[in-house]
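The values are calculated or read from the model by the stated rules, or taken from the named source; none is laboratory data. Values in this document were obtained by computation on a predicted structure and should not be read as measured data. Glycine gets a Cβ as well: all are built from the backbone with ideal geometry, and neighbour counts include every protein chain shown. For accessibility, only protein heavy atoms count, side chains too; no ligands or nucleic acids. Shrake-Rupley method; radii C 1.70, N 1.55, O 1.52, S 1.80 Å.
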Amino acid sequence: MSTPLGRSEAAGPPTGAPDWEKAQAEPEFQELRRRLRSFVFPVSGLFLAWYLLYVLLSVYAPDFMSTKIGGNFNIGLLMGLLQFVTTFAITWWYVRWANRRFDPLARSIREELEQR
């Protein structure tokens, strides 16, 4: 069976192309995945819990959410605005974290693959 480029599937990757399956099995790549998951999963879970709290309070505690803080500004509005603040804060935090913990390892893996 041939591919759209006319190469045989059994021939493997073209000469000079990285062997992605082998690269993914390398300890450095596994460490890269571990680092990414150790940040993304907990932070995503915390944000989703924070959002779910907002939604549940809106549905089941409308009196609490309508508690006035000042003027027409209430707790529900404050929590809604804090959702945006949280999103930007997480983005800022991830960029800082990635620059220090993720990108250097990704860069070294990429450079190693390009040298093969």
How many residues does region 29-77 contain that are open to solvent by less than 50 Å² (accessible area, probe 1.4 Å), over 16 Å from THR87 (Cα atoms) and of a type in the set (Gly, Ala, Ser)? 3
Are any residues in region 41-57 closer than 27 Å to PHE102 by Cα and free of Cβ contacts under 8 Å to residues at least 24 places away in the same chain, and if so, which ones? PHE41, PRO42, SER44, GLY45, LEU46, LEU48, ALA49
Cβ pairs under 9 Å, 6+ apart or interchain, first in region 95-112 and over 19 Å from VAL40 (Cβ atoms), second surrounded by 12 or more Cβ atoms within 10 Å (Cβ to Cβ), ordered by first then second residue, are SER108/GLU28; GLU112/ALA23; GLU112/GLU26; GLU112/GLU28
Taking the conditions exactly as written (among the basic types (Lys, Arg) and surrounded by 11 or more Cβ atoms within 10 Å (Cβ to Cβ)), does ARG101 satisfy them or not? yes
Can you pull out every residue in region 1-41 that is among the polar types (S, T, N, Q) and either modelled with pLDDT under 90 or closer than 22 Å to ARG116 by Cβ (or both)? SER2, THR3, SER8, THR15, GLN24, GLN30
Being closer than 30 Å to LEU113 by Cβ, open to solvent by less than 60 Å² (accessible area, probe 1.4 Å) and either touching a Cys at 6+ places or on another chain (Cβ under 9 Å) or assigned to a helix (DSSP H, G or I) (or both): is that true of ALA89 here? no
